[in-house]
Amino acid sequence: MRTMRRAERRVADEAGIRAILDRCQVCRLALWDEEGPYIVPMSYGYRWDVGGLKLYFHCAAEGRKLDALRRDPRAAFEMDADYEVIGAESACGYTCAFRSITGAGILRVVESSQEACEALTCLMRRQTGRDFTFTPDMLPGVCVLCLDVQSVCGKCNGPA
């Protein structure tokens, strides 16, 4: 893995990355298919347990995302929050405040109805702040995806 040029901005600890995950609204998921790179913004939920970070998404049961996943399950992602331009006297003095996360992993369709229900609960809690209960009979109309994150790095410029 390449080193970050501005090491003082690196966020590598779980607590710091969780704090950024909790501030972001959208995850941009990057896949590759026969047409080339494919990036799609998605709502997400997450769980971080002994197995590491897992990002959960939902989508239709067919389409370009699933075709790309079947071709190659490797995926990358990006999220950002708190973006603000910070002015200066000269153009070269301008900068931006932000928090961001990038990473990569293996994307898979969630096959277990128990994991799918837990994933949808995580996703809805993340997006709405409310707890919902999902049951297996609610699953036929949705495809749940899990990105098993293999590498993740945060970056922050501005107040923590």
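The values are calculated or read from the model by the stated rules, or taken from the named source; none is laboratory data. Being a predicted model, the structure only gives us computed values, none of them experimental. Positions of Cβ are backbone-derived with ideal geometry, glycine not excepted, and every protein chain shown enters the neighbour counts. Only protein heavy atoms, including side chains, enter the accessible area calculation; ligands, DNA and RNA are left aside. Shrake-Rupley method; radii C 1.70, N 1.55, O 1.52, S 1.80 Å.
As a summary of the residue check, THR121 satisfies the conditions (1) in contact with a strand residue (DSSP E or B) (Cβ under 9 Å, 6 or more places away or on another chain); (2) open to solvent by 40 Å² or more (accessible area, probe 1.4 Å) except for the one numbered (2). Just one of the listed residues (LEU55, LEU29) is touching a Cys at 6+ places or on another chain (Cβ under 9 Å) and at pLDDT 90 or above, and it is LEU55. When region 124-151 is filtered for residues that are open to solvent by 40 Å² or more (accessible area, probe 1.4 Å), within 25 Å of GLU14 (Cβ to Cβ) and β-branched (Val, Ile, Thr), only THR128 remains. Quick one: is LEU107 open to solvent by less than 20 Å² (accessible area, probe 1.4 Å), in contact (Cβ under 8 Å) with a residue 24 or more places away in the chain, in contact with a Cys (Cβ under 9 Å, 6 or more places away or on another chain) and not aromatic (Phe, Trp, Tyr)? So LEU107 fits the description; yes. Considering region 38-96, the residues that are over 20 Å from MET124 (Cα atoms) and hydroxyl-bearing (Ser, Thr, Tyr) include one that is surrounded by the fewest Cβ atoms within 10 Å (Cβ to Cβ), namely SER90. Taken together, the residues in region 127-148 that are out of contact with any helix residue (DSSP H, G or I) (no Cβ under 6 Å at 6 or more places or on another chain) and under 20 Å from GLY51 (Cα atoms) amount to 4.
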